[in-house]
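Here the structure is laid out as structure tokens; the discussion comes afterwards.
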Amino acid sequence: AYLEGGDVEQARESAEEALRLAPRSVAALLVLAHAQRIAGDGEGAERSLARLLVRDPGNRDGSLMLAELRVERGDVESAEQVIEVLMEREPGAVDGYIALARVFAERGDVARAVKHADHALARESDDPDALALKLTLLFARGEWPYKSNEVYPFYASNYPPLYNLLLVPFVWIFGPAYWYGRLFSFLSTLVTAAAIGYAIHRQYHDKPIA
């Protein structure tokens, strides 16, 4: 609650008090790590997350935050190891790879971003987030995404690439994210509905039908 309200110091103090009362509290360690990270104490946040993962090795939020922190300080191999451990515990999951791909993409390391999107696709070949992320990343660096079918993991899509091409400028400006793709889809739906209504009205001159 304190973090949501922006009171980072109070959140940190509350988490530390909770840990004094319940030293093995995973939730308190996660809040403490969040507060430390926001306050600029990346090393402290990493220590808190390391303690958290000793108690709960499969904790997704803790693993993803620790990987992000290690990428931020340049320890890429260690960050990838954290995600690999998480993914080993969740054989069917791909979100760890996708999250790490987005971290690398936001830092401009598109090659590593594509690599981890490929890891996700190797597990779940039709995962929509991984497919959309890889397609947009390849367009953003000027590459044609449709590779040879002899190259694994295979890429397939039922949709033309126009949508992803239109999103490339947003990737350059904001980095990989979901919000602008969803906003673009929503606005496109409104425009399409308006065009259909106008066409019906023009043809039949019937406003209620349109």
Q: Could you grab me the full set of residues in segment 164-194 that are open to solvent by less than 70 Å² (accessible area, probe 1.4 Å) and of a type in the set (S, T, N, Q)?
A: Asn164, Ser185, Ser188
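Given the criteria assigned to a loop (DSSP other than H, G, I, E, B), of a type in the set (A, V, I, L, M, F, W, C), closer than 30 Å to Leu53 by Cβ and modelled with pLDDT under 80, does Ala177 qualify? Give the steps one after another, and end with the answer.
Working: assigned to a loop (DSSP other than H, G, I, E, B): yes; of a type in the set (A, V, I, L, M, F, W, C): yes; closer than 30 Å to Leu53 by Cβ: yes; modelled with pLDDT under 80: yes.
Yes; evaluated as a whole, the condition is true for this residue.
Do we have Val8 as under 30 Å from Asp126 (Cα atoms) and aliphatic (A, V, I, L, M) here? Spell out the reasoning first.
Working: under 30 Å from Asp126 (Cα atoms): no; aliphatic (A, V, I, L, M): yes.
Spelling it out, it is not the case that Val8 is under 30 Å from Asp126 (Cα atoms) and aliphatic (A, V, I, L, M).
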Q) List the pairs whose first member sits in segment 64-81 and is over 17 Å from Ala101 (Cβ atoms), whose second member is surrounded by fewer than 19 Cβ atoms within 10 Å (Cβ to Cβ), and whose Cβ atoms are under 7 Å apart, counting only residues at least 6 apart or on separate chains? A) Arg73/Gly42
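What do you reckon, is Asp56 among the acidic types (Asp, Glu) and farther than 16 Å from Asp109 by Cα?
Details: among the acidic types (Asp, Glu): yes; farther than 16 Å from Asp109 by Cα: yes.
Considered against the rule, which asks whether it is among the acidic types (Asp, Glu) and farther than 16 Å from Asp109 by Cα, Asp56 comes out as yes.
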Q) From the list Ala93, Ala113, which one is under 23 Å from Val26 (Cβ atoms) and open to solvent by less than 70 Å² (accessible area, probe 1.4 Å)? A) Ala93
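When you look at Gly44, is it surrounded by 17 or more Cβ atoms within 10 Å (Cβ to Cβ) and either assigned to a helix (DSSP H, G or I) or out of contact with any helix residue (DSSP H, G or I) (no Cβ under 8 Å at 6 or more places or on another chain) (or both), yes or no? Show your work before the answer.
Details: surrounded by 17 or more Cβ atoms within 10 Å (Cβ to Cβ): no; either assigned to a helix (DSSP H, G or I) or out of contact with any helix residue (DSSP H, G or I) (no Cβ under 8 Å at 6 or more places or on another chain) (or both): yes.
It is false that Gly44 is surrounded by 17 or more Cβ atoms within 10 Å (Cβ to Cβ) and either assigned to a helix (DSSP H, G or I) or out of contact with any helix residue (DSSP H, G or I) (no Cβ under 8 Å at 6 or more places or on another chain) (or both).
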Q) Checking Ala45 against (1) of a type in the set (A, V, I, L, M); (2) over 21 Å from Asp75 (Cβ atoms); (3) within 23 Å of the chain's Cα centre (by Cα), which single condition isn't satisfied? A) (2)
Q: Residue by residue through segment 96-110, note down the ones that are open to solvent by 20 Å² or more (accessible area, probe 1.4 Å) and in contact (Cβ under 8 Å) with a residue 60 or more places away in the chain.
A: Arg102, Glu106
Q) Mind checking whether some residue in segment 68-87 is assigned to a helix (DSSP H, G or I), touching a Leu at 6+ places or on another chain (Cβ under 7 Å), open to solvent by 50 Å² or more (accessible area, probe 1.4 Å) and farther than 21 Å from Ala120 by Cα? A) no
Q: Could you check, for segment 112-128, whether at least one of its residues is touching a Leu at 6+ places or on another chain (Cβ under 6 Å) and either modelled with pLDDT under 80 or at positive phi (or both)?
A: no
Q) Is it true that some residue in segment 147-159 is at pLDDT below 75, among the hydrophobic types (A, V, I, L, M, F, W, C) and open to solvent by 90 Å² or more (accessible area, probe 1.4 Å)? A) yes
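So, of the residues in segment 16-26 that are open to solvent by 70 Å² or more (accessible area, probe 1.4 Å) and out of contact with any helix residue (DSSP H, G or I) (no Cβ under 6 Å at 6 or more places or on another chain), which turns out to be nearest to Asp61 (Cα to Cα)? Step through it out loud before you land on a result.
We begin by selecting, within segment 16-26, every residue open to solvent by 70 Å² or more (accessible area, probe 1.4 Å); these are 17, 20-21, 23-24.
Checking which are out of contact with any helix residue (DSSP H, G or I) (no Cβ under 6 Å at 6 or more places or on another chain) leaves us with 17, 20-21, 23.
Working: Glu17: 21, Arg20: 22, Leu21: 23, Pro23: 19 Å.
Filtering first and then ranking leaves Pro23.
The values are calculated or read from the model by the stated rules, or taken from the named source; none is laboratory data. Note that the structure is a prediction, hence the values are computed from the model and not measured. Don't worry about glycine lacking a Cβ; one is built from the backbone with ideal geometry, like all the others, and counts go over all protein chains shown. The area values use the complete protein model at the heavy-atom level, side chains included, leaving out ligands, DNA and RNA. Shrake-Rupley method; radii C 1.70, N 1.55, O 1.52, S 1.80 Å.
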